[in-house]
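Reviewing the structure listed below.
The values are calculated or read from the model by the stated rules, or taken from the named source; none is laboratory data. In this text, all values refer to a predicted model and were calculated from it rather than measured experimentally. Backbone-built Cβ (ideal geometry, glycine too); neighbour counts: all protein chains shown.
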Amino acid sequence: MPNKKSMTERCRLYLITPPKLEPKSFAEPLNSALDAGDVACLQLRLKDVAEEEILRAVDVLMPVAQKKDVAFILNDRPDLAKRLGCDGVHVGQDDVPYAEARALMGRDRIVGVTCHDSRHMAMEAAEAGADYVAFGAFFPTTTKEPKTSADPGLLKWWSEIMVVPCVAIGGITVENAKPLVDAGADFLAVSSGVWDHKDGPAAAVKAFNTLF
């Protein structure tokens, strides 16, 4: 995860896996998507599944991402992320606290934090050393039940005063993403907007990069 973009650098894509997947069959569309254009990160987000399923998914999908120089980030589980050699971990407000995640991961791995629509949470996370803060949800989403609704003005405020990168998340598609890019999002976290795109994941990645 690079540092805050300069005025000449662009927003980048932060892919999130579908909520349910079979790793071996998912590897093919993932590979196709990563070949279609610039992707900064891939977050494996599997909720309410056995640990064995997470281990199997990491084993299959992390090499696909890392071979393309895409950072592989595990959701929720810094203990597994550290053990399995993931590039980073993403923690929510109800997950392991940031300090504990950082202690497990060390300083050379990525730790990102969900901050919903809260400026206070984001400032605290940034000051504590988070590599990025994630705001959302910006649009209705079927991937997960959003706890808060965020406004593009939050991204604009953050990008004007802070150097820690911000990630916009929640129902983002090629069609609705432009206001978030214009507001200063460093990364767009997208799941169904890529995997369920009418022309396929590769077309979606290509379209996002054209937008950026």
Tell me, which residue of the stretch 10-58 that is touching a helix residue (DSSP H, G or I) at 6+ places or on another chain (Cβ under 6 Å) and small (Gly, Ala, Ser) is surrounded by the fewest Cβ atoms within 10 Å (Cβ to Cβ)?
SER32
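Going by the conditions given, is LYS147 surrounded by fewer than 21 Cβ atoms within 10 Å (Cβ to Cβ) and either at pLDDT below 95 or not in a helix (DSSP H, G or I) (or both)?
Working: surrounded by fewer than 21 Cβ atoms within 10 Å (Cβ to Cβ): yes; either at pLDDT below 95 or not in a helix (DSSP H, G or I) (or both): yes.
Judged against the criteria, LYS147 is a match.
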Would you be able to say whether some residue in the stretch 122-131 is modelled with pLDDT under 95, at negative phi and surrounded by fewer than 16 Cβ atoms within 10 Å (Cβ to Cβ)?
no
Suppose we filter LEU46, LEU55 for residues that are closer than 26 Å to HIS116 by Cα and in contact (Cβ under 8 Å) with a residue 24 or more places away in the chain; which single one remains?
LEU46
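Which of the residues belonging to the stretch 88-97 are buried (at least 20 other Cβ atoms within 10 Å of the Cβ) and either out of contact with any Leu (no Cβ under 9 Å at 6 or more places or on another chain) or touching a residue at least 24 places away in the same chain (Cβ under 8 Å) (or both)? Full working, then the answer.
Within the stretch 88-97, the subset buried (at least 20 other Cβ atoms within 10 Å of the Cβ) is 88-91.
Those that are buried (at least 20 other Cβ atoms within 10 Å of the Cβ) and either out of contact with any Leu (no Cβ under 9 Å at 6 or more places or on another chain) or touching a residue at least 24 places away in the same chain (Cβ under 8 Å) (or both): GLY88, HIS90, VAL91.
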Does any residue of the stretch 109-130 turn out to be touching a helix residue (DSSP H, G or I) at 6+ places or on another chain (Cβ under 7 Å), without any contact (Cβ under 8 Å) to a residue 40 or more places away in the chain and of a type in the set (Ser, Thr, Tyr)?
no
Quick one: is ILE73 closer than 21 Å to GLY129 by Cα, of a type in the set (Val, Ile, Thr) and either exposed (fewer than 15 other Cβ atoms within 10 Å of the Cβ) or in contact with a strand residue (DSSP E or B) (Cβ under 6 Å, 6 or more places away or on another chain) (or both)?
yes
Give all pairs with beta carbons closer than 6 Å in which a residue from the stretch 66-85 that is within 14 Å of MET105 (Cα to Cα) meets a residue that is at pLDDT below 95 and acidic (Asp, Glu); count only pairs at least 6 apart in sequence or on separate chains.
ASP76/ASP95
Filtered residues of the stretch 180-212 (kept if outside any helix (DSSP H, G or I), out of contact with any Leu (no Cβ under 6 Å at 6 or more places or on another chain) and free of Cβ contacts under 8 Å to residues at least 60 places away in the same chain)
ASP196, HIS197, LYS198, ASP199
